[in-house]
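Everything below concerns the one structure shown next.
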Amino acid sequence: TDSICVPGFDPSLSMMTGITPINPMIPGMGLVPPPPPTDVPVVKEIIHCKSCTLFPPNPNLPPPSTRERPPGCKTVFVGGLPENATEEIIQEVFEQCGDITAIRKSKKNFCHIRFAEEFMVDKAIYLSGYRMRLGSSTDKKDSGRLHVDFAQARDDFYEWECKQRMLAREERHRRKMEEDRLRPPSPPAIMHYSEHEAALLAEKLKDDSKFSEAITVLLTWIERGEVNRRSANQFYSMVQSANSHVRRLMNEKAAHEQEMEQAKESFKNALTGILTQFEQIVAVFNASTRQKAWDHFSKAQRKNIDIWRKHSEELRNAHSEQLMGIRREEEMEMSDDDSGDNPTKKLRVDDSALAAQAYALKEENDSLRWQLDAYRNEVELLKQEKGQLFRTEESLTKDQQLQFLQQTMQGMQQQLLSIQEELNNKKSELEQAKEEQTHTQAMLKVLQEQLKSAKELAEINGHDESQANEINVLTVALVNQDREKNSEKRSPGLKSEKEALLIGIISTFLHVHPFGANIEYLWSYMQQLDSRISANEIEMLLMRLPRMFKQEFTGVGATLEKRWKFCAFEGIKTV
């Protein structure tokens, strides 16, 4: 690519010719080559100025980093200046890169330099990394390493924007000129009617070359309403002259049709010649595929011959179909001509002309009547659709209300089912409690009778009161044992070791989930351990242990959900 600084500069010229690299900062040269390829090390030389000397950086070090170039950048930042550097020295060093419009120097050893053109900034960036020494002094204040980078200035950006707007205006102008050039020319203005213009137009209508232009003027005048009693004869003569061109146009059409027939005939002859040549080529390929010649070809040659043969056969078939189509069209035209030349058919046509006209008028009348019926039907359909639209809006609101009511009904039904389940559980608990109460009452009666009989025996036999107390303690123990047996009957024990294992796993799972879990979630977790277990088995096992697991309902309506919780610790506390 060409350099930004110098268009058309070839950076590889010095390497090809063997010429030593030119110092780009020599006064009078004003030339900074573009950056060489990355694999070739950059060769920088010492730059001598009147007041200072610039020493190049180490070529083995990486190139100095720069920020992203702002659009339209003409200003550079120069850092690392010697403390004793003045504006005159800075201008002496950097004016070799190009015309400087402004220098803004700071007290902290840096400055901003604005150039006249953008390509001069690239020359200044070339000096980044050079060590600057004022005169021959070795003092630290007289030396410093330059760091040159792009700077963002409002003036540069404003000028860049102005330039872009100017380019955009030029582009719009160019596009407009191109559109104007490609736009078809507007039709010429048609003059107003007058007797003089009408006489000129009548002469133009008689001329074949000016007929198309004159006929448009005549049509415009007639459409404007220029025909009146005074000008009717003139317009009639012009219409008559326009009618005289009909014979000329028919003759031209016949000549063009003859030319077209000749072209068709020449095309057909050429197509037949091409088809014969294709037949010969296909015959050559078929002969080469026979065993006498086929065995002497290599595999690659056979493959190519086969491909060529297939391609030529496809082309031959396409051309033959095209030729057959042309011949069929010719036969159809010949049959039409024969039917037109037959005199008996002409007589029949002349005889039935009136009947055909009457039939055509009848069909036209029927079609108009059908169109009228169709329009009426469309109007009725539109009326029905309008009525349906109003109905559909009302039905939509009703459907929405019905859906809402159905959802609420479903929620109420679910709540009723849950309440019925709770009532059934409470009824079963009440029945069990009644049975226990009746059983305990019967036991108490039996025990009381036993106590009475025992006391009577004790009084008869002379036993002590301590023996009676022992009897009372034994009866209380028997009652407690009976209660424990009843509780064991109400909640039967575990049937197998598998159920105990399941209860342990379910207990740990529900203990980890303090807010409970539904039976589907619990079943999906247990299926990972035992794929044969079902959700009903888990639910029956949980219902058999009401002191360890309890069931709660959460949500309202359609979001009602049953969850199981682990409550064994609560049961232990209450006990």
For residue 140, go through the lysines and keep the ones whose alpha-carbon is under 20 Å away, minus same-chain ones fewer than eight residues off. 50, 105, 107, 108
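How far, in nm, would the chain grow between residue 361 and residue 401 when pulled straight, counting 0.36 nm per residue and subtracting the alpha carbon separation?
8.5 nm
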Quick one: Debye curve from the C-alpha atoms of region 124-191, no solvent, what's log10 I(q)/I(0) at q = 0.16, 0.18, 0.20, 0.24 Å⁻¹? -0.80, -0.86, -0.92, -1.02
Please give the per residue accessible area of region 195-271, computed with a probe of 1.4 Å over protein heavy atoms only, in Å². 74
Once phi is turned into ³J(HN,Hα) by the Karplus curve 6.51 cos²θ - 1.76 cosθ + 1.60 with θ = phi - 60°, what whole-Hz value does each residue of region 287-294 show in order, with x for glycine and proline? 5, 6, 8, 6, 5, 4, 9, 5
Subtracting the Cα-Cα distance from 0.36 nm times the residue separation, let me have the gained length for residue 513 to residue 43 in nm, one decimal. 161.7 nm
Cβ-based charge dipole, region 385-444, positive-most Cα from 433, 402, 418: 402
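Where does region 195-271 land on Rg(C-alpha)/(2.2 N^0.38 Å)?
Expressed relative to 2.2 N^0.38 Å, the Cα Rg reads 1.60.
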Region 154-199 - charge dipole about Cα centre, Lys and Arg +1 at Cβ, Asp and Glu -1, debye rounded to 20: 200
Assuming a ≥ b ≥ c are the square roots of the Cα gyration tensor eigenvalues, decide whether region 513-573 counts as rounded (a/c under 1.5), prolate (otherwise, with a/b larger than b/c) or oblate. oblate
Rounded to whole Å, sorted largest first: equivalent-ellipsoid semi-axes of region 273-332, Cα gyration tensor: 31, 10, 7
Provide the per-residue ³J(HN,Hα) series for region 366-371, in order, calculated from phi with Karplus coefficients 6.51, -1.76, 1.60 and θ = phi - 60°, each as a whole number of Hz, with x at glycine and proline positions. 4, 5, 5, 5, 5, 4
Can you tell me which of 141-148, 515-522 comes out highest on packing, and rank the rest after it, using the mean Cβ neighbours within 10 Å? 141-148, 515-522
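Would you mind telling me the share, in percent, of accessible area of region 224-306 contributed by carbon and sulfur at probe 1.4 angstrom?
Taking all protein chains in place, region 224-306 shows 54 percent carbon and sulfur surface.
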In whole Hz and in residue order, list the ³J(HN,Hα) couplings for region 396-411 that follow from phi through the Karplus curve 6.51 cos²θ - 1.76 cosθ + 1.60, θ = phi - 60°; x for Gly and Pro. 5, 4, 5, 4, 4, 4, 5, 4, 4, 5, 4, 4, 5, 4, 4, x
With no solvent term and unit scatterers on the alpha-carbon positions of region 47-182, Debye gives log₁₀ I(q)/I(0) at q = 0.11, 0.17, 0.18 Å⁻¹ of -0.47, -0.89, -0.98
Tally up the carbon and sulfur contribution to the accessible surface of region 74-157 as a whole percent, 1.4 Å probe, everything protein left in place. 45
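Compute the accessible area per residue over region 47-182, keeping the other protein chains in place, probe 1.4 Å, unit Å².
62
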Suppose every Lys and Arg Cβ carries +1 and every Asp and Glu Cβ carries -1, with no other charges. What dipole size does region 195-271 come out with about its Cα centre, to the nearest 20 debye? 220
Determine the order of 423, 323 by accessible area, beginning with the largest, at a probe radius of 1.4 Å. 423, 323
Residue 176 to residue 195: extension gain in nm, 0.36 nm per residue of separation minus the Cα-Cα distance? 2.6 nm
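The values are calculated or read from the model by the stated rules, or taken from the named source; none is laboratory data. Quantities reported herein were computed from a predicted structural model and do not represent experimental measurements. All Cβ positions, even for glycine, are placed from backbone atoms using ideal geometry, and neighbour counts span all protein chains on display. For accessibility, only protein heavy atoms count, side chains too; no ligands or nucleic acids. Shrake-Rupley method; radii C 1.70, N 1.55, O 1.52, S 1.80 Å.
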